[in-house]
Structure formats: structure tokens, C-alpha cells
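Structure first, then comments.
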Amino acid sequence: MGAFKIFLFLFLSCYTYTTVTAQNETGFVSSIDPKVFQREQNASHFRFYWQDIVAGDNAASFDIISSLPDYNKTSVFGLVKIIDNPLTLGPQLSSKLVGRAQGIYASISQTVLNFLMIMNFALFEGKKNVANNKVREMPVIGGSGVFRFAKGYAEASTYSSDPNTGDATIEYNVYVSHYI
């Protein structure tokens, strides 16, 4: 679900430029104090092993679209998988489970094995960011137009939802730094 939110947000951020000018006077977008982004930066290094389990009873990677039949056995062009893969401390699957890689990947080359990957790393230690939290946080990376090179974060809060229909209204508060 997190990867879908990121994809949707990136798509919407590309569209935003065309609507900012018309909606600026309505309160859709406003300037924020740049000091919000002037904090001491930390650097972190994570090391874990991504276990892509595609077969057996414990499979965590499933074909959404299989590669095109007899098209290209080298690149498996067109293959799309959805994943909930284990992240382990060591290379063995029996190693300590430290999180899950959740998202999708697709083979995007007709000539070599090359993948487009959209994932969230849901680590088990630290703050959790699940769909039923009151406020969910997601990264903002990139944009276009006035939001070129944008970076920041978005907070999503459920305003209302109907469990019978699946309909929901979600409030987004997006904080980005970008070049003028």
C-alpha cells in the first residue's frame, strides 16, 4: 500500500505545477518557513538482505503480469511482480528477520535483465508507519516545473472512510523544499 501511495503522490506532484497558479489564491499552496528544513542532518547506513522468494509455500513475490511468452528469455521483459519480501540480517533466509520489502518490480528492458522497483522498506524496529495509523508519513522525492528537485515528506490522515464500500477521504499535508 505504501508503494502505491508513493507512486500516486509522485504522479500528483507532476500534475501539481499546472494547478498551482490557479489555486494559489484559494489556499491550496502556501509558503512555509524555510527553517523547517534547516535541521542538523544525520547519516545512516542500513545493511540487510532482500529475500525474493518466488516459489513454494512461503512465496512472498507473486506475478501480476507474467513475462511475454517466448518473447525474450534473457530479459523476461514485461514481467511485473508484487512483493512482501523478507529483509534479513544475514544472507540466509533463516537469519534474523529485520523487516519486509513491500512493493512492486517490473522487467523494463527488451535486451538485458533490468528492473524498475518501487518499494517501501518496513523495518521492524523504530517507528511503524502502517495504513491504520492516525497519521502516515511518506517521502517526497522529485517533481517538475516549480517543484523540480523537490524533497520533503507528506503526512496523510484519514478524514473519513466507509468500510462497506472502501471509499475514503484522506487529508494530505505536504512539506517540500524546492528551487524557485
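The values are calculated or read from the model by the stated rules, or taken from the named source; none is laboratory data. Everything numeric here is computed off the predicted structure, so don't read it as measured data. As a convention, Cβ positions derive from the backbone with ideal geometry for all residues, glycine included, and neighbour counts pool all protein chains shown. Surface areas here come from the heavy atoms of the whole protein model, side chains and all, with no ligands, DNA or RNA. Shrake-Rupley method; radii C 1.70, N 1.55, O 1.52, S 1.80 Å.
Please name all residue pairs, on different chains or six or more residues apart, with Cβ atoms under 8 Å, provided the first residue is in segment 80-92 and is of a type in the set (Lys, Arg) and the second residue is surrounded by fewer than 14 Cβ atoms within 10 Å (Cβ to Cβ).
From segment 80-92, the pairs are Lys81/Val54; Lys81/Phe62; Lys81/Asp63; Lys81/Ile64.
Hey, could you check segment 94-120 for residues that are at pLDDT 90 or above and more than 22 Å from the chain's Cα centre (by Cα) and say which is farthest from Ile53 (Cα to Cα)?
Here the residue is Lys96.
Taking segment 152-180, which residues are open to solvent by 60 Å² or more (accessible area, probe 1.4 Å) and closer than 13 Å to Ile32 by Cβ?
The answer is Tyr153, Val174, Tyr175, His178.
Run down Asp52, Asp70, Asp84 and say which single residue is over 28 Å from Asn173 (Cα atoms), open to solvent by 50 Å² or more (accessible area, probe 1.4 Å) and either modelled with pLDDT of 75 or more or not in a loop (DSSP other than H, G, I, E, B) (or both).
From the options Asp52, Asp70, Asp84, the qualifying one is Asp52.
Return yes or no: is Gly90 under 24 Å from Pro139 (Cβ atoms), among the small types (Gly, Ala, Ser) and open to solvent by less than 60 Å² (accessible area, probe 1.4 Å)?
Details: under 24 Å from Pro139 (Cβ atoms): no; among the small types (Gly, Ala, Ser): yes; open to solvent by less than 60 Å² (accessible area, probe 1.4 Å): yes.
Judged against the criteria, Gly90 is not a match.
So Glu137 ticks every box in (1) within 21 Å of Val174 (Cβ to Cβ); (2) in contact with a Ser or Thr (Cβ under 8 Å, 6 or more places away or on another chain); (3) part of a strand (DSSP E or B) but one. Which box is left unticked?
(2)
Quick check on my filter: what residues within segment 139-156 are over 16 Å from the mean Cα position of the chain (by Cα) and over 13 Å from Ser177 (Cβ atoms)? Explain how you work it out, then say what you get.
Narrowing segment 139-156 to residues over 16 Å from the mean Cα position of the chain (by Cα): 144-149.
Answer for segment 139-156, where residues must be over 16 Å from the mean Cα position of the chain (by Cα) and over 13 Å from Ser177 (Cβ atoms): Ser144, Gly145.
Please find, among Ser109, Ser160, Ser144, the residue that is touching a Cys at 6+ places or on another chain (Cβ under 9 Å) and hydroxyl-bearing (Ser, Thr, Tyr).
Numbers: Ser109 fails: touching a Cys at 6+ places or on another chain (Cβ under 9 Å); Ser160 fails: touching a Cys at 6+ places or on another chain (Cβ under 9 Å).
Step by step, each of Ser109, Ser160, Ser144 is checked, and only Ser144 is touching a Cys at 6+ places or on another chain (Cβ under 9 Å) and hydroxyl-bearing (Ser, Thr, Tyr).
Inside segment 107-120, can you point out the residues that are in contact (Cβ under 8 Å) with a residue 40 or more places away in the chain and not hydroxyl-bearing (Ser, Thr, Tyr)?
Applying the first criterion (in contact (Cβ under 8 Å) with a residue 40 or more places away in the chain) to segment 107-120 yields 107, 118-120.
Once the filter is applied, which keeps residues that are in contact (Cβ under 8 Å) with a residue 40 or more places away in the chain and not hydroxyl-bearing (Ser, Thr, Tyr), segment 107-120 yields Ile118, Met119, Asn120.
For segment 32-49, give me each residue that is acidic (Asp, Glu) and modelled with pLDDT of 80 or more.
So in segment 32-49, the residues acidic (Asp, Glu) come out as 33, 40.
Result: no residue meets the conditions.
Can you confirm whether Gly166 is modelled with pLDDT under 85 and not hydroxyl-bearing (Ser, Thr, Tyr)? Don't jump to the end; show me each part of the working.
Values: modelled with pLDDT under 85: yes; not hydroxyl-bearing (Ser, Thr, Tyr): yes.
Taking the combined requirement at face value, the residue satisfies it.
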